[in-house]
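One structure is given here, and the rest of the page talks about it.
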Amino acid sequence: MSDNIPTNPTVLRILLADDHSFIREGLKGLIGKQSDMEVVGEANDGQEAVSKAAEYLPDIVVMDVTMPRMSGMQATKQIKKAHPRIKVLGLSMHEDSSYLRGLLEAGASGYVLKRSAPQELIQALRSVAEGNTYLDPAVAARAATVFISKTPLRGEVAGAALSERENAVIRLVALGYTNREIAERIDLSVKTAETYRARAMEKLGFSTRADLVRHAAVLGWFGEN
């Protein structure tokens, strides 16, 4: 066990759980290029993920949703029950919101699709490490209701404080549009779109896109044309 004690507390210690070795190798290569991250262990299935999490006590477990012997949802639930400090980031080929909902209800802090760009995973890892909930933009709109909590958000009653432009920009952000796409859609420069986005997020009291998605779901934006 002494070999598994972290030597650098500023580096994120990550456990990879996926039943495909080529996926793990690709993730190791990607994470290995980051100066603030390292892979401390690997697991072939859900049961091994639970035991390796107990052995290595990583900061984050990157968890495949569907694995033999024990699913990613079951493994996540067991890991979070035994080690609440460990964060779990789901990594899946499934875009169905039922997989997302199941993993988040089990205690995961985020969900990224395997088909997404590599930088999406790196961004998700850093966001989850900071205590945020991260949702892949490709499934955000479809699964927005997963993020509706029982307690109101600070910004849920602040929408009226937004200007017309800020409101237009922030709605498009919630729907998954990039700053460049927003700028083209409502005839702004990218810099101006970024300014409206930052100003709206500040007015609403949000620091993450997950907060914004919850806000959008509460207000019914995803059901509008």
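A few comments on the model shown:
- Computed E for Ser98/Thr10 - FRET, C-beta separation, R0 22 angstrom, nearest 0.05: 0.05
- For region 16-138: relative contact order, % (alpha-carbon pairs under 8 angstrom, 6 or more apart): 20 percent
- Cβ-based exposure ranking for Val190, Val169, in which fewest neighbours within 10 Å come first: Val190, Val169
- Proximal lysine pairs, region 2-136, alpha carbons under 25 Å, eight or more residues apart or interchain: 17
- Neighbourhood net charge (10 Å Cβ-Cβ; Lys/Arg +1, Asp/Glu -1) for Ala200: +3
- Relative to its residue count, region 1-99 spans a Cα convex hull of 102 Å³ per residue.
- Beta bridge orientation in region 2-136: antiparallel %, DSSP, nearest 5: 0 percent
- Summing Lys and Arg as +1 and Asp and Glu as -1 over all other residues whose Cβ lies under 12 Å from the Cβ of Ala129 gives a net charge of +1.
- Electrostatic bookkeeping for Leu12 treats Lys and Arg as +1 and Asp and Glu as -1; over the other residues with beta carbon under 15 Å from its beta carbon, the sum is +2.
- Protection-proxy order for peptides 100-107, 31-38, 70-77, each taking the mean of Cβ atoms within 10 Å per residue, highest first: 70-77, 100-107, 31-38
- Reachable lysines, given that their alpha-carbon falls under 20 Å from the alpha-carbon of Lys203 and they are not under 8 places away in the same chain: Lys191
Readers should treat all values here as calculations from the given coordinates under stated rules, not as data from a laboratory. In this text the structure is predicted, and so the values were computed from the model without any measurement. Neighbour counts run over all protein chains shown; Cβ positions are idealised from the backbone, glycine included.
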